[in-house]
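Before any comments, here is the structure.
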Amino acid sequence: MGGNSSKPQGAKSTPGDQKCDPGSEVRSFGAKVKAAVDEELGRRMMIQREVQMAVSIAKARDVIQIFGSAWAVLVGGLAGAKIAGRKVPTLAAVPVVVGGLVLGNIADMAYGNKLARVSKEAEYILDNERARLIPLKQAPVARFYSAEEKSKMFDAATSAGLLFPSSLFSRSFVPEGSEVSSKGGGPDRNF
């Protein structure tokens with residue numbers, strides 16, 4: 001049937017009889033090494049992510065201890081002054097209210113589920129609002145985005161310099177890109 005084997009057609013072949021293709025063993029070994037490296041990289045990325053998240057939570061808890069103590073002293077002092085019959089400035093309510101809001105936000109990060117909510121919102125943005133993440137054309141990673149993806153972000157946008165109040169001032173003192181390039185220079189030209 002095919003091949004130039006010296007054995008009869010029905011005979012079983014032994015491992016020594018088979019032609020050994022060293023390339024297939026190398027490819028097989030290479031695939032195993034690649035799989036092991038990919039597995040190790042994935043595990044290290046997971047550990048790094050978990051460590052970074054834990055550090056973020058720990059920082060928030062540290063800020064709560066410092067900021068919470070200062071806020072509690074402020075509120076306690078103001079309450080004590082009010083109870084003692086002393087006049088408390090109305091403006092003192094601003095740091096109490098603002099501090100309470102900030103403290104609540106930090107507490108949500110430290111002990112609540114804010115991190116999970118932020119992660120879910122990030123997933124939503126990646127899935128449904130990817131055009132917001134397109135970098136400027138000068139960015140080194142811009143080449144990885146298609147022209148269609150770039151057009152979704154930049155074609156619909158207006159330059160900030162064309163919006164009010166910047167639109168009241170002339171932009172004519174800034175040379176156009178073609179003028180700069182035709183003069184043979186830019187920021188990196190030699191003097």
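Okay, here's what the table says:
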quantity	calculated
Test: LEU74 is among the aliphatic types (A, V, I, L, M), touching a Pro at 6+ places or on another chain (Cβ under 8 Å) and not in a loop (DSSP other than H, G, I, E, B)	yes
Residue in the range 43-50 that is in contact with a Gly (Cβ under 8 Å, 6 or more places away or on another chain) and either within 30 Å of VAL98 (Cβ to Cβ) or at pLDDT 95 or above (or both) present	no
Test: residue in the range 111-123 that is under 30 Å from SER151 (Cβ atoms), in contact with a Leu (Cβ under 8 Å, 6 or more places away or on another chain) and either in contact (Cβ under 8 Å) with a residue 24 or more places away in the chain or part of a helix (DSSP H, G or I) (or both)	no
Of all residues making up the range 136-164, the number that are part of a loop (DSSP other than H, G, I, E, B), of a type outside the set (D, E, K, R) and modelled with pLDDT of 80 or more	7
Close pairs (7 angstrom Cβ cut-off, 6 or more residues apart or separate chains): surrounded by fewer than 11 Cβ atoms within 10 Å (Cβ to Cβ) in the range 133-157, of a type in the set (Gly, Ala, Ser) anywhere	LEU136/ALA142
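The values are calculated or read from the model by the stated rules, or taken from the named source; none is laboratory data. Note that the structure is predicted; figures quoted are calculated from it, not measured. Note: ideal-geometry Cβ built from the backbone for every residue, glycine included; neighbour counts use all protein chains shown.
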